[in-house]
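Novice: Input: one structure, supplied below.
The values are calculated or read from the model by the stated rules, or taken from the named source; none is laboratory data. Predicted, not measured: the structure shown is a model, and the values here were computed from it. Neighbour counts are summed over all protein chains in view; Cβ atoms, including those assigned to glycine, are modelled from backbone coordinates with ideal geometry.
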Amino acid sequence: MDAQLVEKITRAIISKLSENELASKQVEVVDSKSDSHLDMVKFSPISREVVEEKEEPSDNLNEHKEISEELREMRSKTPARIGVGRSGPRPLTNTWLKFRYDHAAAVDTVSGEVSKSVLERLKLFSVTTKATEHEVYIRRPDYGRRLSDEGKRLIKEKCVQNPKVQILISDGLSSKAIEENVEDVYLSLEQSLSNMGYQLGTPFYIERGRVAIMDEIGEILKPDVIVLLIGERPGLVSAESLSAYLCYQPRVGTIEADRMVVSNIHKGGIPPVEAGAYLGTVVEKVLRYKASGISLVQKEE
């Protein structure tokens with residue numbers, strides 16, 4: 001469903017609920033079947049002032065205000081859902097609707113596909129993994145770490161061998177992350193590496209790829225460094241977060257400790273353009289020390 005339409009419907013529901021909540025009509029209950037002389041009973045709602053008076057503690061008023069100020073400060077420093085309030089045992093309507101909206105956005109981005117226009121703008125050709133369907137990709141992560149036979153053929157046919165730096169792009173678990181961020185990150189990174197004089201390999205897109213797919217590609221192209229831009233697993237704070245994984249001379253059997261990652265790349269985290277420029281400096285360090293991950297940290301010490 002279109003995000004603007006969802007937001008419009010949400011606001012309409014909240015507005016209607018507020019109107020009903022503020023209404024001060026008397027409720028008449030009529031029992032037409034009763035033989036009692038009390039055939040009509042009228043109820044008057046408790047005023048909001050009375051409720052607030054009961055909820056507001058008569059003592060420790062200053063302490064209550066101090067807690068509220070601390071809570072406001074805490075909420076201003078994090079997108080997490082803290083101090084959102086409740087109505088009885090349930091969350092407030094606005095809080096619940098936003099939670100459902102964010103959850104739906106996370107589900108949509110996992111099952112979504114990257115539009116062809118993004119790949120065309122970046123002049124990327126596409127290869128597939130052994131995860132031929134979305135359900136297979138979710139249930140069998142190992143299939144996302146292996147290229148299809150057709151994918152191997154296309155890489156050998158179209159890519160430069162033995163480049164200094166090879167840039168890869170994959171949807172991973174968030175197609176939205178690619179559509180929203182990858183263009184700025186990629187162009188910024190490409191410019192940074194070109195200014196440093198590094199030979200770049202032929203970039204391409206991997207559909208339904210996992211992080212370790214870089215190992216098999218490293219076996220085929222034998223680059224010094226691979227940078228993989230891949231969609232992160234979406235959460236309720238952001239469904240469009242991108243990660244960049246780096247590894248020095250990845251090959252089949254590379255351990256996770258030899259990889260590096262720069263995560264949380266999106267408009268609410270690390271700005272995409274800034275992330276691309278920063279990745280260029282990380283690549284330069286990896287090439288200088290000829291190591292990545294824990295091995296790089298040990299050599300720096």
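Novice: What pairs come out if I take residues in segment 80-100 that are without any contact (Cβ under 8 Å) to a residue 60 or more places away in the chain and surrounded by 14 or more Cβ atoms within 10 Å (Cβ to Cβ) and pair them with residues that are part of a loop (DSSP other than H, G, I, E, B) and among the aliphatic types (A, V, I, L, M) whose C-beta lies under 6 Å away, six or more apart or interchain?
Specialist: Matching pairs, first to second residue: THR95/VAL84.
Novice: If the Cβ limit is 6 Å and pairs must be 6+ apart or interchain, which residue in segment 185-213 that is touching a residue at least 60 places away in the same chain (Cβ under 8 Å) pairs with which residue that is part of a loop (DSSP other than H, G, I, E, B) and of a type in the set (Gly, Ala, Ser)?
Specialist: Correct list of pairs: ARG208/ALA131.
Novice: Whether any residue in segment 174-190 is outside any helix (DSSP H, G or I) and hydrophobic (A, V, I, L, M, F, W, C) is what I want to check.
Specialist: The first filter runs over segment 174-190 and keeps only residues outside any helix (DSSP H, G or I), leaving 174.
Still in the running and hydrophobic (A, V, I, L, M, F, W, C): none.
No, segment 174-190 contains no residue that is outside any helix (DSSP H, G or I) and hydrophobic (A, V, I, L, M, F, W, C).
Novice: Tell me whether segment 290-298 contains one or more residues that are touching an Asp or Glu at 6+ places or on another chain (Cβ under 9 Å), modelled with pLDDT of 95 or more and among the basic types (Lys, Arg).
Specialist: Taking every residue of segment 290-298 in turn, at least one turns out to be touching an Asp or Glu at 6+ places or on another chain (Cβ under 9 Å), modelled with pLDDT of 95 or more and among the basic types (Lys, Arg).
Novice: Search segment 217-246 for residues being touching an Asp or Glu at 6+ places or on another chain (Cβ under 6 Å) and part of a strand (DSSP E or B), and hand back the single one that is surrounded by the fewest Cβ atoms within 10 Å (Cβ to Cβ). Break it down into steps so the answer makes sense when it comes.
Specialist: Here is the first cut: in segment 217-246, the residues touching an Asp or Glu at 6+ places or on another chain (Cβ under 6 Å) are 231, 236, 240-241, 243.
Still in the running and part of a strand (DSSP E or B): 231, 243.
Values: GLY231: 29, SER243: 21.
Only one residue tops the list, namely SER243.
Novice: Could you tell me whether LYS156 is out of contact with any Gly (no Cβ under 7 Å at 6 or more places or on another chain) and either in a helix (DSSP H, G or I) or acidic (Asp, Glu) (or both)? Break it down into steps so the answer makes sense when it comes.
Specialist: Details: out of contact with any Gly (no Cβ under 7 Å at 6 or more places or on another chain): yes; either in a helix (DSSP H, G or I) or acidic (Asp, Glu) (or both): yes.
Spelling it out, LYS156 is indeed out of contact with any Gly (no Cβ under 7 Å at 6 or more places or on another chain) and either in a helix (DSSP H, G or I) or acidic (Asp, Glu) (or both).
Novice: For segment 109-141, name all the residues that are within 22 Å of the chain's Cα centre (by Cα), in a helix (DSSP H, G or I) and not hydroxyl-bearing (Ser, Thr, Tyr).
Specialist: Residues satisfying the conditions are VAL110, LYS116, VAL118, LEU119, HIS134, GLU135, VAL136, ILE138, ARG139, PRO141.
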